[in-house]
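Comments concern the structure below.
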Amino acid sequence: MPAQTFDDRRLVGVLAERITNVSSRDFPGHFPDEDHSWNLAKFKKNLKVQVQRLSNRSVDFDIVGVDSSIANAFRRIMLAEVPTVCIDQAYIWNNTTVIVDEVLAHRIGLVPLNIDPSKMIMRNPSDNPTDRNTMVFSIELACERNPKAPKGSTKPDELYINHELRSSHITWVPQGEQLEAFASLSPAPTNPNIVLAKLRPGQEVKMELHAVKGVAKDHAKFSPVATASYRLLPHIKITKPIPSHLAEKFQKCFSPGVIKIDPRTKAVSVDEQGVRNDSVSREVLRHPEFADSVQLSRVRDYFLFNVESEGPYEPERILPEAIKVMREKLAIIKQAAEALRDKSTSLDSDVVMADA
Amino acid sequence: MAETVEKIKLLRGSPDLSLATYQIHDESHTIGNSLRWMLMKNPKVEFCGYSAPHPSENVINVRIQMYDNLSSLDALITALGDLDTVCETIEEEYLTSLRKGKFETWEEKS
């Protein structure tokens, strides 16, 4: 398959010492006699969204034909504004472990929970806790000696009972109507094996934990993702044929699978599927024999997203949730803007200006 | 304490609102940059830019200057509506691609 070709205007040049044509220029008035004003039909025609890989924990998808400001908005929202439920208050009745209260409380707060955030509402600081906005968990664990430990053993697993406080010890205490509302999936940490503290005989932990809904711009523990990032599609153009005796050296300048060599003719070509995995290391430009025969670039409006879910959302659900958050934001601003417009027309004079 | 803050404040503008700076509360580059892009797509907008004035102020300032003495507030409202259709279109395409199922699935160990 031959490498995909792109309009030169869509390419961000990657040169040995610098990058070129970084900013998008598709605005009205930039190119004479060209119409770049907003056009939904044109946008729909050029837009391509394609899921590439999906696992139980992560998703890779391409968004092609949008401006970086839109792609970046989605990335930022996925990281910081999609809500999740996390333990936010810890009431410590007893903690005789070597981990101090605030450190233990912090560690517990970071544990991802499997609670569907759409089933809960946000709790404002002034609100009282109810079964709609707060989820209660408890921890009760005491470590003791194992009377049946083999003689001479040095392994904590054999010597002691409950010598590790793990995330599986965080047990749900249903409140109000929660037992029915969360019947399908009982609230618990997504990973039961996180070690939160180590104990020795005589030490114990007893606490009550309140989980609330929140967003990661308030505290990073609320982030629904481990990572959410995008790259631009690499684009490699071979401008001069590569001599057959240099073919393998040329291939080694790129990431594995990016350059194909014809086994018979030793002609090199770019693999269209493989090129997306190139690191664009610019190694090829260090070799004087190749420097003039290849042009490296990235496609400005071709975003390769990678999102790793950590928490309640299935990976493929995170982008729709982010779009939902974005649209809610837009709706709120639009409403406020319309209110401002109504105010200015009804007063029949100019809008009262705030102090700058 | 719980004083309600206006979502949008008009900071400085000409009487006909063809030149104006709006302060949007509780927003950041997420909305600022995409809104700036959509406003710049409007041929009647002479200039549009935004800034987050200070990290400890939870606001962004959006400056809009219009040609032909048109109202920047109307342009802002149109841009917000257009951005919403952009989001809607992308979501539809994404869900279509997900429904078609033409992608690699794999099992990831945690």
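The values are calculated or read from the model by the stated rules, or taken from the named source; none is laboratory data. Just so we're clear, the structure is a prediction, and the values are computed from it rather than from any experiment. FYI the Cβ positions are ideal-geometry reconstructions off the backbone, even for glycines, and counts take in every protein chain you see. Accessible surface is based on the protein model in full, side chains and every heavy atom, while ligands, DNA and RNA are left aside. Shrake-Rupley method; radii C 1.70, N 1.55, O 1.52, S 1.80 Å.
A few comments on the model shown:
- Estimated 222 nm signal from helices in chain A, with DSSP H stretches of n ≥ 4 weighted -39500 (n - 2.57), rounded to 500: -6000 deg cm²/dmol
- Peptide B:9-15 shows a mean partner chain C-beta count of 5 within 10 Å per residue C-beta.
- Backbone phi angles across the stretch A:224-240, fed through the Karplus curve with coefficients 6.51, -1.76 and 1.60 (θ = phi - 60°), yield HN-Hα couplings of x, 10, 7, 9, 9, 9, 9, 10, 9, 4, x, 9, 10, 10, 8, 8, 10 Hz in residue order; Gly and Pro are listed as x.
- Solvent-accessible area assigned to carbon and sulfur over the protein assembly as shown amounts to 50 percent, based on a 1.4 Å probe.
- Interface of A with B. Using a 1.4 Å probe and counting protein heavy atoms only, the two chains hide about 5400 Å² of accessible surface, both sides summed.
- Centre separation in Å (Cα based) which lies between the stretch A:42-118 and the stretch A:160-207: 22 Å
- If you bin all the Cα-Cα distances of the stretch B:1-68 at 5 Å, starting from zero, the percentages per bin are 4, 17, 25, 24, 17, 8, 3, 1, 0.
- For the segment A:56-63, counting C-beta atoms of other chains within 10 Å of every residue's C-beta and taking the mean gives 3.
- Close amide H partners of residue A:36, meaning residues 5 or more places away or on another chain with modelled amide H under 5 Å apart, are A:29.
- Partner lysines for residue A:151 [C-alpha distance under 29 Å; skip if fewer than 8 residues away on the same chain]: A:198
- Burial of 30 Å² or greater, the stretch A:312-336 residues [accessible area, probe 1.4 Å, versus chain by itself]: A:316, A:320, A:323, A:326, A:327, A:329, A:330, A:333, A:334, A:336
- Average accessible surface area per residue within chain A, 1.4 Å rolling probe, Å²: 53 Å²
- Degrees separating the helix B:72-100 axis from the principal Cα axis of chain B, which is the longest one: 0 degrees
- Convex hull volume of the Cα atoms of chain A, normalised per residue: 289 Å³.
- Each residue of the stretch A:24-35 is assigned a 3J(HN,Hα), and the resulting list reads 6, 10, 7, 10, x, x, 6, 9, x, 6, 10, 9 Hz, derived from the Karplus form 6.51 cos²θ - 1.76 cosθ + 1.60 (θ = phi - 60°), x at Gly and Pro.
- Protection proxy ranking of A:285-297, A:111-123, by the mean of other Cβ atoms within 10 Å over each peptide's residues and highest first, is A:111-123, A:285-297.
- Sparse packing (at most 15 other Cβ atoms within 10 Å of the Cβ) combined with a DSSP loop state is found for the following GluC sites (Glu not before Pro) in the stretch B:36-110: B:57, B:107, B:108.
- Per residue, the convex hull spanned by the Cα atoms of the stretch A:207-356 measures out at 279 cubic angstrom.
- Shape descriptor for the stretch A:84-223: Rg over Rh equals 1.03 (Cα atoms; Rh from the Kirkwood inverse mean 1/r).
- With contacts taken as Cα pairs under 8 Å and at least 6 residues apart, the stretch A:84-223 reaches a relative contact order of 43 percent.
- For the stretch A:1-130, the Stokes-Einstein estimate of translational diffusion at 4 °C and a viscosity of 1.567 mPa s comes to 62 µm²/s, using the Kirkwood hydrodynamic radius over alpha-carbon pairs.
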